[in-house]
Structures are given as C-alpha cells and as structure tokens.
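As structure tokens, the structure follows; a few thoughts come after it.
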Amino acid sequence: MSAPSPTSDPIARAEQRRADLAHELERAAEQADAWHAERNRLVIELVAAGESYRDTAVPARLSASGVGKIVRRDRDG
C-alpha cells in the first residue's frame, strides 16, 4: 500500500498551510519592524529640523509624548 500524496492528505495540507502562514507572518513582522524603524528615523529628523513634537505627532500618528519618547531613546543611545 503506497502512502497518500501530500495533496490528497488533509493532515499534510493543514501542516503545510500552517508552515506557510507562519512564514508569511514572520515576513510581515520583519517588514513592520523595518517600517517602524523608518518612522522613528523620520520623526527624529523632523524634530531635529525644528518641528515641534505636537506637529511631528500628527503625520506619525503618535501622541506628542510618543514623539518625545522616540527622541529621548535616540538621544540616550
């Protein structure tokens, strides 16, 4: 008796689907981290260029205190 092919085996399909979803989620998390880092870089540059925390917060979709936290973390290294 031969083993069922992976395409006809519902357990194998489910396992493959979970593996595929986990891989997609990992890629999405990596992309989110990269965009988060880019947003923080732009926040720091905008504040360094003289923009207020409040005015920087609007396009960044942050609070003014959130902008301040990003700036402080950057200054503290």
Within the range 53-63, does at least one residue satisfy the condition of being open to solvent by less than 50 Å² (accessible area, probe 1.4 Å), in a helix (DSSP H, G or I), on the phi < 0 side of the Ramachandran plot and of a type in the set (A, V, I, L, M, F, W, C)?
yes
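Regarding ALA28, is this residue surrounded by 10 or more Cβ atoms within 10 Å (Cβ to Cβ) and at pLDDT 95 or above?
Yes.
The values are calculated or read from the model by the stated rules, or taken from the named source; none is laboratory data. Being a predicted model, the structure only gives us computed values, none of them experimental. When we count neighbours, we look across all protein chains shown, and the Cβ atoms used for this are built from the backbone with ideal geometry, even at glycine. All accessible areas refer to the heavy atoms of the entire protein, side chains included, with ligands and DNA or RNA removed. Shrake-Rupley method; radii C 1.70, N 1.55, O 1.52, S 1.80 Å.
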